[in-house]
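What follows is a single structure, written as structure tokens, with notes after it.
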């Protein structure tokens with residue numbers, strides 16, 4: 001029986017992960033390019049919201065999303081879902097903290113803990129009809145809320161380590177699986193796009209700060225997710 005040293009094991013694992021990245025890039029270049037473009041648009045929103053003290057959260061969300069892409073292209077799909085759920089939680093929290101500065105200040109001092117139940121509270125949460133309707137009464141709040149909740153539930157299955165969601169079932173190696181990657185990437189894109197939509201709802205007055213290409217992309221996202229067309233105030 002061959003006993004691998006820690007150093008040799010790390011080298012072999014590194015080789016496997018590098019190979020997985022090459023396979024992902026070779027087989028799915030268009031999907032990877034699209035996934036990178038969406039966080040780039042999120043970064044642009046961050047640039048036009050620099051006056052917000054909570055802007056640092058948007059920066060962190062971008063880091064979570066890029067980490068999720070990197071982890072997934074290594075073939076570590078379960079871990080990519082875990083990172084993606086972090087982006088969902090932090091993404092919705094950004095809006096909560098933007099409108100609850102006292103809690104934001106407490107959170108920065110680590111004396112306030114954000115919970116998912118607070119974010120989805122029907123009376124005080126961000127994912128509520130009451131909150132979203134404040135900014136756009138015509139917006140399909142029910143569709144938006146249910147879609148976000150569905151993504152959160154899906155990612156949570158991997159976080160909680162349920163048997164059928166474990167990575168090692170069927171193999172003891174970290175391997176490239178195109179079907180798993182495409183399934184994860186669909187949820188990744190939906191996550192970023194929902195955050196982009198929420199930004200456009202909450203900060204409607206900032207939409208005209210986007211350039212024409214970004215407006216067209218936002219409009220495409222709206223239509224693809226079933227939210228009609230992006231409303232732009234040209235006054």
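Coordinate-derived values only; no laboratory data. This one's a predicted model, so the numbers in the text were calculated from it and none came from an experiment. Cβ placement follows ideal geometry from the backbone for every residue including glycine, while neighbour counts extend to all protein chains displayed.
So the values come out like this:
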{"read-out": "Gain in span if fully extended, residue 112 to residue 180, counting 0.36 nm per residue against the direct Cα distance", "value": "20.8 nm"}
{"read-out": "Fluctuation leader among 79, 211, 55 - the chain, Gaussian network, Cα springs under 10 angstrom", "value": "211"}
{"read-out": "Correct option for Rg and Dmax of the Cα atoms in Å [calculated from the coordinates] among (1) 19.4, 75; (2) 16.7, 54; (3) 18.7, 69", "value": "(1)"}
{"read-out": "Inter-probe distance in nm under a simple model that places probes 7 Å from Cα toward Cβ, at residue 63 and residue 26", "value": "3.4"}
{"read-out": "Contact order normalised by residue count of the stretch 1-157, Cα under 8 Å, 6+ apart, percent", "value": "16"}
{"read-out": "Label-point separation, residue 105 to residue 11 (7 Å along Cα→Cβ), nm", "value": "5.6"}
{"read-out": "Protection proxy ranking, peptides 57-67, 83-93, average beta carbon neighbours within 10 Å, highest first", "value": "83-93, 57-67"}
{"read-out": "Computed [θ] at 222 nm, helices only, for the chain once each DSSP H run of length n ≥ 4 contributes -39500 (n - 2.57)", "value": "-22000 deg cm²/dmol"}
{"read-out": "Extended-chain gain in nm, criterion 0.36 nm per residue less alpha-carbon gap, residue 50 and residue 223", "value": "59.5 nm"}
